[in-house]
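Novice: The following block contains the structure, expressed as structure tokens.
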Amino acid sequence: MRYSEIDLQVEDLMWFGLDTQGCVVEFTTGGSANVPEFVCRSREDNETLENYFTNLAPTTAAHMLMDQELGTLTEDARHLASRGLFCYDVAYDQNGSPTDQYHKIAFPEKPLILEDLPDNIKRIIVDHFVSADAASDQYIHVDHAY
């Protein structure tokens with residue numbers, strides 16, 4: 001089933017992509033951030049990816065970039081970064097409105113890359129590209145599907 005525009009406005013969605021280096025990147029929408037077409041086309045695929053990545057065993061040290069603890073967001077970012085994922089959250093402007101960018105909140109010491117993934121996960125994520133290098137980019141622009 002497809003994510004609708006209304007779904008994206010009411011759900012704090014976690015979605016996944018690959019950067020230009022083949023590293024796995026996680027994004028959290030806060031119910032207000034842009035979500036690309038490759039995520040919107042299949043709720044089931046996105047849920048499969050979320051289930052896979054959140055249930056991985058820790059493999060590396062996680063480095064946090066947040067100044068304060070923000071409950072579930074902080075816990076999820078620390079958890080996923082320790083599994084090798086770069087983690088980004090919706091970025092807001094000076095007026096508190098969401099932008100078309102995400103900002104990095106956590107990163108792994110040793111990134112998880114496409115080649116490390118099992119075939120069933122590769123098949124889903126292989127075309128989930130974001131135009132960024134998560135190791136160096138603090139902000140990632142994402143075009144909205146709607």
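The values are calculated or read from the model by the stated rules, or taken from the named source; none is laboratory data. Note that the coordinates shown come from a computational prediction; the quantities given were computed from them, not determined experimentally. Cβ coordinates were reconstructed from backbone atoms using ideal geometry, including for glycine residues, and neighbour counts include every protein chain displayed. Just the protein is used for accessible areas: all its heavy atoms, side chains included, with ligands, DNA and RNA removed. Shrake-Rupley method; radii C 1.70, N 1.55, O 1.52, S 1.80 Å.
Novice: Quick check on residue 95: is it part of a loop (DSSP other than H, G, I, E, B), over 16 Å from the mean Cα position of the chain (by Cα) and of a type outside the set (Ser, Thr, Tyr)? Walk me through how you get there before you give the answer.
Specialist: Details: part of a loop (DSSP other than H, G, I, E, B): yes; over 16 Å from the mean Cα position of the chain (by Cα): yes; of a type outside the set (Ser, Thr, Tyr): yes.
Criteria met by residue 95.
Novice: Here's something else I'd like to know. Of the conditions (1) closer than 21 Å to residue 135 by Cα; (2) in a loop (DSSP other than H, G, I, E, B); (3) open to solvent by less than 10 Å² (accessible area, probe 1.4 Å), residue 3 fails just one. Which one is it?
Specialist: (1) is the only condition that residue 3 fails.
Novice: Could I ask something else about it? Taking the residues in the stretch 135-146 that are open to solvent by less than 60 Å² (accessible area, probe 1.4 Å) and part of a loop (DSSP other than H, G, I, E, B) as candidates, determine which candidate is farthest from residue 25 (Cα to Cα).
Specialist: Step one: filter the stretch 135-146 for residues open to solvent by less than 60 Å² (accessible area, probe 1.4 Å), giving 137, 140, 142, 145.
Imposing the further condition that a residue be part of a loop (DSSP other than H, G, I, E, B) reduces the set to 137, 142, 145.
Numbers: 137: 12, 142: 13, 145: 18 Å.
Result: 145.
Novice: Can you tell me which of 89, 45 is in contact with a helix residue (DSSP H, G or I) (Cβ under 7 Å, 6 or more places away or on another chain) and either part of a helix (DSSP H, G or I) or at pLDDT below 95 (or both)?
Specialist: Numbers: 89 fails: either part of a helix (DSSP H, G or I) or at pLDDT below 95 (or both).
None of the other options fit; the residue is 45.
Novice: Do you know which residues across the stretch 122-134 are part of a loop (DSSP other than H, G, I, E, B), farther than 9 Å from residue 19 by Cα and not acidic (Asp, Glu)? Talk me through it step by step, then tell me what you get.
Specialist: So in the stretch 122-134, the residues part of a loop (DSSP other than H, G, I, E, B) come out as 126-128, 130-134.
Filter once more, so that each one left must be farther than 9 Å from residue 19 by Cα: 126-127.
Matches in the stretch 122-134: 126 only.
Novice: Being of a type in the set (Phe, Trp, Tyr), free of Cβ contacts under 8 Å to residues at least 60 places away in the same chain and surrounded by 14 or more Cβ atoms within 10 Å (Cβ to Cβ): is that true of residue 92 here?
Specialist: Numbers: of a type in the set (Phe, Trp, Tyr): yes; free of Cβ contacts under 8 Å to residues at least 60 places away in the same chain: yes; surrounded by 14 or more Cβ atoms within 10 Å (Cβ to Cβ): yes.
In short, yes.
Novice: Still on this structure, please answer the following. Taking into account only those residues within the stretch 102-119 that are free of Cβ contacts under 8 Å to residues at least 60 places away in the same chain and open to solvent by 60 Å² or more (accessible area, probe 1.4 Å), which is nearest to residue 31 (Cα to Cα)?
Specialist: Among those residues, the one meeting the criterion is 107.
Novice: Just need a number here: residues in the stretch 52-70 that are under 17 Å from residue 116 (Cα atoms), in contact with a Phe, Trp or Tyr (Cβ under 9 Å, 6 or more places away or on another chain) and not aromatic (Phe, Trp, Tyr).
Specialist: Of the residues in that region, 0 qualify.
Novice: Further question: Counting just the residues of the stretch 31-73 that are touching a residue at least 12 places away in the same chain (Cβ under 8 Å) and among the polar types (S, T, N, Q), which one comes out most open to solvent (accessible area, probe 1.4 Å)? Talk me through it step by step, then tell me what you get.
Specialist: Of all residues in the stretch 31-73, those touching a residue at least 12 places away in the same chain (Cβ under 8 Å) come to 31-46, 48-50, 52-54, 56-66, 73.
When the remaining residues are screened for being among the polar types (S, T, N, Q), the result is 32, 34, 42, 46, 48, 54, 59-60.
On the way: 32: 47, 34: 31, 42: 20, 46: 4, 48: 59, 54: 43, 59: 101, 60: 30 Å².
Of everything passing the filter in the stretch 31-73, 59 is most open to solvent (accessible area, probe 1.4 Å).
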